[in-house]
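Read the figures in this text as sums done on the coordinates, not as results from a lab. All of these numbers come straight from a predicted model, not from anything done at the bench. Glycine gets a Cβ as well: all are built from the backbone with ideal geometry, and neighbour counts include every protein chain shown.
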Amino acid sequence: MEERTILGMLDKAALQWPGNPYLLKKEDQGYIPTSFEQAADAAKSLAAWLVYRGFRPGQNLAILGDGSPEWVCFEFGLLTAGLVSVPLSNRLTETEIVFRLNHSEAKGLAVSHNYLQTALEATARVFAEAIPHKDYTFVILYLDSDFEWAKELFDAKAMTARGARLNIELLWYQDALAKGNEILQPQLQQDADPAARTRAQKNLKIQQKLEMIRASIQENTVATISYTSGTMGQPKGIMLTHLNYWSNCHDSNTLFDNPMYFRMLLMLPPDHAFTHSVAIFTALTCSVALYFVDTRGGNMATFRNLPKNMQEAQPMLLFTVPALSANFMKKICQAVQAKGPLINGIFNAGIRAGILWNGDCYHKPNFLVRLKAFVPYFFAKAFIFESVKSQTFGKAIRFCVSGGAKLDIKQQQFFMALGVPVYQGYGLTEAAPVVASNTPKRHKLGTVGIAAPSVRYFVVDEKGNEVQQGNIGEIVVKGENVMAGYYKNPEETARILKGKRLMTGDLGYIDEDGFLVVTGRKRALLIGEDGEKYSPEIIEEAVISSTEVFDQVMVWCVYRKYPCALVSLNMDVMTQLVHRIKPQSAKEICIFLQNEFYRFKNQNTFSGLNPSWIPVVFQIVTEPFSEHNGTINSSLKLVRHRVEELYGDLIEYSYSKEGSNNINPRNIAAIRTFFALD
């Protein structure tokens, strides 16, 4: 019987494809590969070091850093030693790191260069705020090559809190790996000197202990504790087992028709549930080569390196999130526009025609529609689209898969027309994470696809009864991918796990063709004055999909007469617009924005929206929702309660006599902060 664990997958991959490239890191001389066999060997060596250091099975260790072979191999080492990995987002603030280290009771932290300073400060706070005071050595393992720099920074910080030097030790990944290699070497013969025999005996005990630990790891053993982003309150630690991952990896492989020997450029951080399962672990089932984006130089350098890395890796598949694919879409349109009005005109006409030609990709448009679209679409496809594709994504790209948040229909249509489909999937970390996805063989725009092979989902009403097809309700998931529970949080575990069913908190329905459609979050519902509840995401998508002048939209209503909205402006589009139309006043811009906000009313796609759901008024925010102000979390999702806190005065203003009109003094003042207008 096959071993259904992550370690079983790693061992099998090392036997099947020992020399095949698995993890590739950008160095000065180019991309340097780590093979499947090398990754498995590194995991064993690091596990030996962890046992040597006194770490015990079941203890938790955190990892914070950019994607790299060291990040992945160290996590495999943790799992091989029977420990639990706590992957941390590299977008977390110091305070958020402190919470996760304290809550998980982590005994150490592996960290890469770009986050060492934050990690040191967070660790000092963990000790300073701990009650009772920590009484063990906290190990910080530095994953990158410039260890001398790391030691200098460590010494400069002095690692003190409450006036006392902390019991914290900084160690180097390469030293740990070397020590582990030494421990695993064949033991010396009996005629060796006494000191060597003593070392050999100790090493042998560690080897025997590792064998016992390896044998004890079962499919229901917890592998990771992954923290939620805290969108709806305090973060929760999601306990995922080896079987959760094994099941989801094999499902993902099947969904995408066993993508053997694909190349993938990893643009998302390694802790991201999507990357973790569907890239790092699923690659073990089909020999996928994972290229990590060059992060040397920090976040800004990473974005600059991305285009070059894309051409170097020549990926066949990319994983993305809506914010990232939106940026690709924006850059593509800007690059084409710079080529002049002729090329830009052909490109835009081709995209519009491609959208007509494709329809929803499941039901083909009628003959007359396709006939109308044929010439502009295939002309642009032959002479422009292929060049745009290869310049942006490389010549080998086949498709992308989007997760993390809802992908608006405008992006889906654009990339499908361009010839780089972005297949929308659906999942949540509690489900390890894939529940459903569109696939190259079966897809429908506007949906999140079909169920993964071993997953079953239902749509239920508030009483838990399954609703008829087409009716909106809560999505409930059942399968071997469903988490073991929330770490140290039995109340929330009991709320979300009903027997073997996972209550996702997401609302949706199964359409007439059997595709799942997600409409919003149950706990983020708008509540009308009469108590009627509805999803804000439906309206937000309607606005964003119908115009380019708004960058972000958040709709709000809690027992009020009507909903209101907060919007940020797309300043690139607005700047071009102002330059072109040369408005005489800020009020004129305000009137234009009002017309743009309600453009969706004239589109058939959104004609069925209940009029009572449509915001009566919007207020312009002068600072975009972002991670900087806490309104966007580390998963690039909107933190609604934080927006309410930050812009509570604007929300209240929306229900005043003056503020209930879009052409109001505050909106006019907001426009004047961007443009010098009367």
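Among 471, 554, 617, flag the residue with its Cα farthest along the positive direction of the charge dipole of the chain, charges on Cβ as +1 for Lys/Arg and -1 for Asp/Glu.
471
Only Cα pairs under 8 Å and at least 6 apart count here; give the relative contact order of the stretch 525-674 as a rounded whole percent. Before the final figure, lay out each step's value.
Details: 211 pairs, mean separation 35.6, N = 150.
For the stretch 525-674, the relative contact order is 24 percent.
Could you order peptides 176-182, 490-496 by the average number of other Cβ atoms within 10 Å of their residues, highest first? Kindly include the intermediate steps, with their values, before the conclusion.
Numbers: 176-182: 18.6, 490-496: 13.1.
Listed from highest to lowest mean packing, they are 176-182, 490-496.
Would you please give the FRET efficiency between residue 374 and residue 582, computed as 1/(1 + (r/R0)^6) with r the Cβ-Cβ distance and R0 = 25 Å, to the nearest 0.05?
Working: r = 39 Å, r/R0 = 1.55.
Here the calculated transfer efficiency is 0.05.
Taking the convex hull of the Cα atoms, report for the stretch 62-172 its projected area averaged over all directions, in nm². Write out the running numbers ahead of the final one.
On the way: hull surface 26.1 nm².
Mean projected area for the stretch 62-172: 6.5 nm², to one decimal.
Which three extents, in angstrom, do the Cα atoms of the stretch 455-551 have along their principal axes, listed largest first?
If we take the Cα atoms of the stretch 455-551, the spans are 44, 34, 30 Å.
With a point put 7 Å past each Cα toward its Cβ, work out how far residue 572 is from residue 366 in nm, to one decimal.
3.8
Report, to the nearest 10°, how far helix 69-80 tilts away from the longest principal axis of the Cα atoms in the chain, using its own Cα long axis and a range of 0 to 90°.
Once rounded, one gets 60 degrees.
Treating each Cα of the stretch 1-130 as an identical point scatterer and ignoring solvent, apply the Debye formula and state log10 I(q)/I(0) at q = 0.15 Å⁻¹.
After summing over all Cα pairs, the log10 values are -0.78.
Expressed as a fraction of 2.2 N^0.38 Å, the rule-of-thumb size for a compact globular protein of N residues, what is the C-alpha radius of gyration of the stretch 297-429? It would help to have the intermediate numbers written out before the result.
Working: Rg = 15.4 Å, N = 133, 2.2 N^0.38 = 14.1 Å.
Expressed relative to 2.2 N^0.38 Å, the Cα Rg reads 1.09.
Taking only the Cα atoms of the stretch 525-674, how large is their convex hull per residue, in Å³?
On the way: hull volume 17.0 nm³, N = 150.
Normalising the Cα hull of the stretch 525-674 by residue number yields 113 Å³.
Can you give me the relative contact order of the stretch 437-589 as a percent, contacts being Cα pairs under 8 Å and 6 or more apart?
Values: 242 pairs, mean separation 22.6, N = 153.
So the answer I get is 15 percent.
Long-range amide H contacts for residue 63: which residues qualify at under 5 Å (H placed 1.01 Å from N, peptide plane, sequence gap of 5 or more or a different chain)?
When sequence neighbours closer than 5 places are left aside, the close amide H contacts are 86, 88, 110.
Mind jotting down the three principal axis lengths of the stretch 140-299 based on Cα atoms? Whole angstrom, largest first.
58, 47, 31
Dipole of the stretch 263-382, Cα-centred, from +1 at each Lys and Arg C-beta and -1 at each Asp and Glu C-beta, to the nearest 20 debye?
Values: 12 positive and 4 negative charges, 100 e Å.
Once rounded to the nearest 20, the dipole reads 480 debye.
Size of the dipole of the chain about the Cα centre, Lys and Arg at +1 and Asp and Glu at -1 on the beta carbon, nothing else charged, in debye to 20? Mind showing how you got there, number by number?
On the way: 69 positive and 67 negative charges, 186 e Å.
Here the chain has a charge dipole of around 900 debye.
Based on the Kirkwood radius over alpha-carbon pairs, what is the Stokes-Einstein translational diffusion coefficient of the stretch 436-506 at 37 °C with 0.692 mPa s viscosity, in µm²/s?
Values: Rh = 13.5 Å.
Diffusion coefficient, whole number: 243 µm²/s.
If each DSSP helix of 4+ residues adds -39,500 (n - 2.57) and the sum is divided by the residues in the chain, what number results at 222 nm, nearest 500 deg cm²/dmol? Working shown, then result.
Values: 23 runs with 274 residues, N = 678.
Value at 222 nm, helices only, nearest 500: -12500 deg cm²/dmol.
Write down the Kirkwood hydrodynamic radius of the stretch 30-227, to one decimal in angstroms, obtained as one divided by the mean of 1/r over all alpha carbon pairs. Please list the in-between numbers first.
Working: mean 1/r = 0.0566 Å⁻¹.
Radius from the Kirkwood sum: 17.7 Å.
Please tell me which of these pairs span more than 29 angstrom C-alpha to C-alpha: 308/381; 330/637; 25/444; 372/637; 26/202; 364/498?
On the way: 308/381 24 Å; 330/637 19 Å; 25/444 36 Å; 372/637 39 Å; 26/202 37 Å; 364/498 40 Å.
In this structure, 25/444; 372/637; 26/202; 364/498 lie more than 29 Å apart at Cα.
With all pairs of different alpha carbon atoms counted, what Kirkwood hydrodynamic radius in Å does the stretch 90-153 show? Write down the numbers at each step before the final one.
On the way: mean 1/r = 0.0818 Å⁻¹.
So the Kirkwood estimate lands at 12.2 Å.
Hey, if you put +1 on the Cβ of every Lys and Arg and -1 on every Asp and Glu Cβ in the chain, which of 83, 201, 564 ends up farthest toward the positive end of that dipole?
564
When each pair of different Cα atoms in the chain is counted once in the 1/r mean, what is the Kirkwood radius in angstroms, to one decimal?
The Cα-based Kirkwood calculation yields 27.0 Å.
Could you please report the charge total around residue 9, scoring K, R as +1 and D, E as -1 over all other residues with beta-carbon less than 10 angstrom from its beta-carbon? Don't jump to the answer; show the numbers that get you there.
Details: positive: 4, 12; negative: 2, 3, 11.
For residues surrounding residue 9, the net value is -1.
Where does the charge balance sit around residue 377 when Lys and Arg score +1, Asp and Glu -1, over other residues with C-beta under 10 Å from its C-beta?
Values: positive: 352, 370, 372, 381; negative: none.
Charge balance near residue 377 sits at +4.
Between 0 and 90 degrees, rounded to the nearest ten: what's the tilt of helix 173-184 against the longest Cα principal axis of the chain?
Tilt of helix 173-184: around 40 degrees.
How much of the DSSP beta bridge set in the chain is antiparallel, as a percent to the nearest 5? Kindly include the intermediate steps, with their values, before the conclusion.
Working: 48 of 87 bridges.
Antiparallel: roughly 55 percent of the beta bridges in the chain.
Quick one: if you stick a label point 7 Å off each Cα along the C-beta vector at residue 663 and residue 387, how many nm between them?
Once both label points are built, they end up 4.5 nm from each other.
Can you give me the long-range amide H partners of residue 266? Hydrogens built in the peptide plane at 1.01 Å from N, cutoff under 5 Å, separation of 5 or more residues or another chain.
Hits under the 5 Å cutoff: 291, 292, 293.
For the stretch 562-606, what is the convex hull (Cα atoms) projected area averaged across all directions, in square nanometres?
Numbers: hull surface 17.4 nm².
That works out to 4.4 nm², a quarter of the Cα hull's surface.
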